[in-house]
Amino acid sequence: MFENFLYGYGYQMWLGAQITIILSLTALFFSIVIGLVTALAKLSGKRYLLYTATCYTTIIRGVPDLVLMLLIYFGGQVLVNSLVAKLGYNTYINISPFLAGTVSLSFIFGSYMGETFRGAILSVPKGQLEAAYAHGLTYMQTTIRILIPQMIRYAIPGISNNWQVLMKTTAFVSIIGLEDIVRKASLAGNSTAKPFLFYITVALFYLAFTLASMVLIYYLEKKYSRGYKAGIL
């Protein structure tokens, strides 16, 4: 099927597209988890949690994404191998570009998700949380059963924006050697002297991925807005 497509590089481009999709979805999952923990820490009322979460979001959001990715990839390898050497092992551990990309993207967008979730949590009427506590629910039960289901409706627009930026940021991972669709396009373009053809293919892939995501997000918005009248919370 891909033998003659894109000068014989069609299959390689398809493999790169799969890696990009897996990287995006994996980073999205972990960034949501990190973001939710960050938001709850900021709203916990405990000073040490607030300071830790604020420090995290300030540092991550203040450092360029590409620089942070390079720091995690190269600095992470130095740190891990230094620890291994101190433990007495004569082994070199090579951190994979996929792992470094996943970790960096998760931490980068976890900080943005944290602000998204914090705003969404503050939008949930406090009276409902107070009613839950009055009925004997614990903090964890109230968070899982009352807060998070209602908070999602307010968070979906912010999650949508972060997700679309995250998808495009995955292109940076090709710089640290991940064989994603951007790197495949770069290699194929250099080999065939037709870089425009392969990069326009990458652009169309990201556009299609974005459009598919928008359809899914629209469905989620409709689902979680069900039962709410316009102008009424």
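The values are calculated or read from the model by the stated rules, or taken from the named source; none is laboratory data. Everything numeric here is computed off the predicted structure, so don't read it as measured data. Here the Cβ positions follow ideal geometry from the backbone for every residue, glycine too, while neighbour counts run over all protein chains shown.
In segment 75-94, how many residues are in a helix (DSSP H, G or I) and either in contact (Cβ under 8 Å) with a residue 40 or more places away in the chain or of a type in the set (Ser, Thr, Tyr) (or both)? Reasoning before the result, please.
Kept after step one, since they are in a helix (DSSP H, G or I), are these residues of segment 75-94: 75-86.
This time we only want the ones that are either in contact (Cβ under 8 Å) with a residue 40 or more places away in the chain or of a type in the set (Ser, Thr, Tyr) (or both), so: 82.
Selection size over segment 75-94: 1.
Does LEU6 meet the test of being outside any helix (DSSP H, G or I) and surrounded by 14 or more Cβ atoms within 10 Å (Cβ to Cβ)? Before the answer, list the steps.
Values: outside any helix (DSSP H, G or I): yes; surrounded by 14 or more Cβ atoms within 10 Å (Cβ to Cβ): yes.
Yes: the conditions hold for LEU6.
Please specify each residue of segment 118-145 satisfying the condition of being part of a helix (DSSP H, G or I) and either among the hydroxyl-bearing types (Ser, Thr, Tyr) or buried (at least 18 other Cβ atoms within 10 Å of the Cβ) (or both). ARG118, ALA120, ILE121, SER123, LEU129, ALA132, TYR133, TYR139, THR142, THR143 - these are the residues of segment 118-145 that are part of a helix (DSSP H, G or I) and either among the hydroxyl-bearing types (Ser, Thr, Tyr) or buried (at least 18 other Cβ atoms within 10 Å of the Cβ) (or both). On inspection, TYR206 qualifies as under 24 Å from LEU99 (Cβ atoms) and hydroxyl-bearing (Ser, Thr, Tyr). Among the residues of this structure, ALA53 does not count as one that is in a helix (DSSP H, G or I), in contact (Cβ under 8 Å) with a residue 24 or more places away in the chain and under 28 Å from LEU216 (Cβ atoms).
Mind listing just one residue for me: the one in segment 95-111 that is part of a helix (DSSP H, G or I) and among the aliphatic types (A, V, I, L, M) and, of those, surrounded by the fewest Cβ atoms within 10 Å (Cβ to Cβ)? Explain how you work it out, then say what you get.
Quick first cut of segment 95-111, residues part of a helix (DSSP H, G or I) only: 97-111.
Subsequent filtering for residues that are among the aliphatic types (A, V, I, L, M) retains 99-100, 103, 105, 108.
On the way: LEU99: 14, ALA100: 23, VAL103: 18, LEU105: 27, ILE108: 26.
Ranking the qualifying residues of segment 95-111, first place goes to LEU99.
Filter segment 105-143 for residues that are among the charged types (D, E, K, R) and under 25 Å from GLU221 (Cα atoms) and give the result. GLU115, ARG118, LYS126 - these are the residues of segment 105-143 that are among the charged types (D, E, K, R) and under 25 Å from GLU221 (Cα atoms).
Please determine, by comparing only the residues of segment 101-152 that are among the charged types (D, E, K, R) and modelled with pLDDT under 85, which one is nearest to the chain's Cα centre (by Cα).
Taking segment 101-152 first, the residues among the charged types (D, E, K, R) are 115, 118, 126, 130, 145.
Going one step further and asking which of them are modelled with pLDDT under 85, we end up with 126, 130, 145.
Details: LYS126: 29, GLU130: 32, ARG145: 25 Å.
Within segment 101-152, the match that is nearest to the chain's Cα centre (by Cα) is ARG145.
A quick yes/no check of all residues on (1) buried (at least 16 other Cβ atoms within 10 Å of the Cβ); (2) among the aromatic types (Phe, Trp, Tyr):
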residue	(1), (2)
GLN18	no, no
LEU25	no, no
ILE34	yes, no
LYS42	yes, no
GLY45	no, no
TYR48	no, yes
ALA53	yes, no
THR57	yes, no
GLY62	no, no
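The set of residues in segment 132-149 being in contact with a helix residue (DSSP H, G or I) (Cβ under 7 Å, 6 or more places away or on another chain) and of a type in the set (D, E, K, R) is empty.
I'd like to check something: does segment 174-187 contain any residue that is more than 19 Å from ILE22 (Cβ to Cβ), of a type in the set (S, T, N, Q) and outside any loop (DSSP other than H, G, I, E, B)? Checking segment 174-187: at least one residue is more than 19 Å from ILE22 (Cβ to Cβ), of a type in the set (S, T, N, Q) and outside any loop (DSSP other than H, G, I, E, B).
Listed residues VAL165, VAL173; which is touching a Pro at 6+ places or on another chain (Cβ under 8 Å) and more than 18 Å from GLY10 (Cα to Cα)?
Of VAL165, VAL173, the one residue that is touching a Pro at 6+ places or on another chain (Cβ under 8 Å) and more than 18 Å from GLY10 (Cα to Cα) is VAL173.
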